[in-house]
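Since the structure comes first, as structure tokens, the remarks are kept for the end.
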Amino acid sequence: MKQICSDVLSKIDDLQTRYIAVIDAKDMEGWLSTFCQVAEASYVYTTAENLRANHAMALVMDDNYQRLQDRVTIVNKVWPGTYADYATRHFVQRTACRDMGAGKYEVESNFMVMTTPEETGRSTLFATGVYFDQVVVDKDQALFLSKKVVTDSSVVERFMAYPL
Amino acid sequence: MTNHAEIIATEKQDAKGANPPIIWPQKANLLPKEIFVRPDVFEEELARIFYGKEWLMIAHEAEIPNIGDFKTTQVGRVPLLITRDNDGEINVYYNACSHRGVQLETATSGNKLRFRCPYHSWLFNAKGDLIGCPNKPGDFPSDFDKSNYPLDRPRMAIVHGLILVTFNPETPPIEEYLEGYIDKIAQVFGGDGNLRLLGAQKVVFHANWKTFHDNDTYHAGLLHTAFQMLNWSGGSGHQTANARGHRSYVGEVTLPEEVNRLKDPSLIEFKGEASECSSASVRLFPISGMTRHLNTIGIRFANPISVDETEVHYTYFGRAEDDEEMIRHRVRQASNLLGPCGMVSMEDAAVFHRLHTAGTTPGNAVFLKGVTDDHGIPEEFQQSDEAANLPGWEHYRQTMGYPKEQS
């Protein structure tokens, strides 16, 4: 397998850590800024069960850049005040990286998300799973072309307002 | 030291330490909040309702379209196995080996025509027949006959592809049980039961099952900020409800001419004749329901896990005649519009939880909208009337055997 240089891996890891930092900060504009500004940019959240059964249904299907922009609007403008808020804490660990050529890489990472609902103040596990990402790396930085979140659990705990 | 709550609890208990009886308020528009939070009430509900004289929705045929497809699920705490056998017939079994009662299948879905119990290798086909049970001569009683040991089955019925079961021999026949609602189910499915499975969104609400059932589907125009912000208001609509606790809702949907909040308006686009653009839903007592909203067709299979947990599988379908473009549209719309992360429904869960959390406070929940006589059960309802839930609550009260408070 082709060796991937440490500079590329470093940029990819920087992108992942920036990603989890902005979502834990509920910074939706920051979240959007981790994606390439191209029409086909996408964020999909589904479950391992749906994937195994080859079902297209997802929990979130922001499969173009406009929908990514709409996600920012929904979280920042539509939903505030309608739900009991909660904090998240993400942890991510890269497990695989493949060079697809032309500056594009396929990256797999395990993730874990803890949640702390404001009404209980008690932290519990919200989700574990795998990020399947397509990352574009240029001389300055890395950005997601697509991010597919696949949770191990087939059942969502309560509801989800912020992207995983 | 005895705290205040313990004193109240002790005062309420009779000499045997039994749970205090539920006394239903005399007014028809009041619900005692304690029914939502008492574990003893939950146990009684399993016996009287979920294992009682009710039909429970457990699957749609389109979830197991091919020979050998199966699905497992639960009604209350009872595990079930649903198969499509090699004649294409649907079967529902208790998911337990007929020998020692080991749970037979653990996967939630899959494809197989033979089910092997891991304990003593008893083997069953998808028709539930015992086709193998390793034994040597003299192992079993001399009159042992495999044909006496098929998988046990609950009563089942299929209505427009919807599979229902009941554990009680006295439950009325399905045609009688669903009288007036069979055509409404077809209407939600878009004409008939010829559906194609797209997948599911599953969620566990930290709320009592009645909180989910009572508040799901009726409240759309009131709760959903998304509707208001998108200038998306309902047209005329009406609800029906009957004495068995079933209810239905049909409403016109008027989409805004210009969607200026969303950059991708396909989320609330309706593909089809404008005159067909409507919302329709049917909720069947005690817990499950189905909705058609824009181009989404969904069945909400729900099951009570405990007094304070309810699992709901939002299962989505296309029509059998859909082309790939329509399927794609339905998937994209349902994924982002509905379910536990959906634009118009995410806050449902938050309301369910808050209702449940505060259910331990004293007193009654009050129904007002559409209530004209607070001692009578209403028969006609407007689009978003709370009153349409009251016939179902009266059915619940009678099924649970709760007496009304004397004046």
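The values are calculated or read from the model by the stated rules, or taken from the named source; none is laboratory data. Please read these numbers as outputs of a predicted model, since none were measured by experiment. Note that each Cβ is placed from the backbone with ideal geometry, even for glycine, and that neighbours are counted across all protein chains shown.
A few notes on this one:
- When residues of region A:45-57 are limited to those that are without any contact (Cβ under 8 Å) to a residue 24 or more places away in the chain and out of contact with any helix residue (DSSP H, G or I) (no Cβ under 7 Å at 6 or more places or on another chain), the one nearest to the other protein chains (Cβ to nearest Cβ): A:His55
- Pair list, Cβ under 8 Å, 6 or more apart: region B:175-198 residue under 26 Å from B:Lys53 (Cα atoms) and outside any loop (DSSP other than H, G, I, E, B), other residue modelled with pLDDT under 95 and among the acidic types (Asp, Glu): B:Ala186/B:Asp192
- Residues that are surrounded by fewer than 20 Cβ atoms within 10 Å (Cβ to Cβ), more than 14 Å from every other protein chain (Cβ to nearest Cβ) and not aromatic (Phe, Trp, Tyr) occur in region A:37-44; there is at least one.
- Looking only at residues in region A:67-121 that are within 14 Å of chain B (Cβ to nearest Cβ) and of a type in the set (Lys, Arg), the one that is surrounded by the fewest Cβ atoms within 10 Å (Cβ to Cβ) is A:Lys77.
- Test for B:Lys210: is it out of contact with any strand residue (DSSP E or B) (no Cβ under 8 Å at 6 or more places or on another chain), in contact (Cβ under 8 Å) with a residue 40 or more places away in the chain and part of a helix (DSSP H, G or I): yes
- Candidates B:Arg100, B:Arg48, B:Arg38, B:Arg84 - the one that is free of Cβ contacts under 8 Å to residues at least 60 places away in the same chain and surrounded by fewer than 21 Cβ atoms within 10 Å (Cβ to Cβ): B:Arg100
- Total residues in region B:76-105 satisfying the condition of being closer than 18 Å to B:Ala302 by Cβ and either out of contact with any helix residue (DSSP H, G or I) (no Cβ under 6 Å at 6 or more places or on another chain) or hydroxyl-bearing (Ser, Thr, Tyr) (or both): the figure is 6.
- Per the listing B:Ala365, B:Ala320, B:Ala334, B:Ala358, the residue uniquely under 20 Å from the mean Cα position of the chain (by Cα) and either within 30 Å of B:Pro65 (Cβ to Cβ) or small (Gly, Ala, Ser) (or both) is B:Ala334.
- Total residues in region A:122-157, condition assigned to a loop (DSSP other than H, G, I, E, B), more than 21 Å from A:Leu51 (Cα to Cα) and either touching a residue at least 12 places away in the same chain (Cβ under 8 Å) or away from every other protein chain (no Cβ under 14 Å) (or both): 5
- Any hit, region B:343-362, residues being in contact with a Ser or Thr (Cβ under 9 Å, 6 or more places away or on another chain), facing chain A (nearest Cβ under 9 Å) and without any contact (Cβ under 8 Å) to a residue 40 or more places away in the chain: yes
- Residues within region B:150-172 that are assigned to a loop (DSSP other than H, G, I, E, B) and surrounded by fewer than 17 Cβ atoms within 10 Å (Cβ to Cβ), tallied: 7
- Test result for A:Val60, at the interface with chain B (Cβ under 7 Å from one of its Cβ atoms) and touching a residue at least 12 places away in the same chain (Cβ under 8 Å): yes
- Scanning region B:348-357 for any residue that is crowded, with 16+ Cβ neighbours inside 10 Å, at pLDDT 90 or above and farther than 24 Å from A:Val44 by Cβ turns up nothing.
- Residues located in region B:315-329, provided they are within 9 Å of another protein chain (Cβ to nearest Cβ) and either closer than 30 Å to B:Val75 by Cβ or at pLDDT below 95 (or both): B:Thr315, B:Tyr316
- Of the set (1) more than 15 Å from the chain's Cα centre (by Cα); (2) at pLDDT 90 or above, all apply to B:Gln201 but (1).
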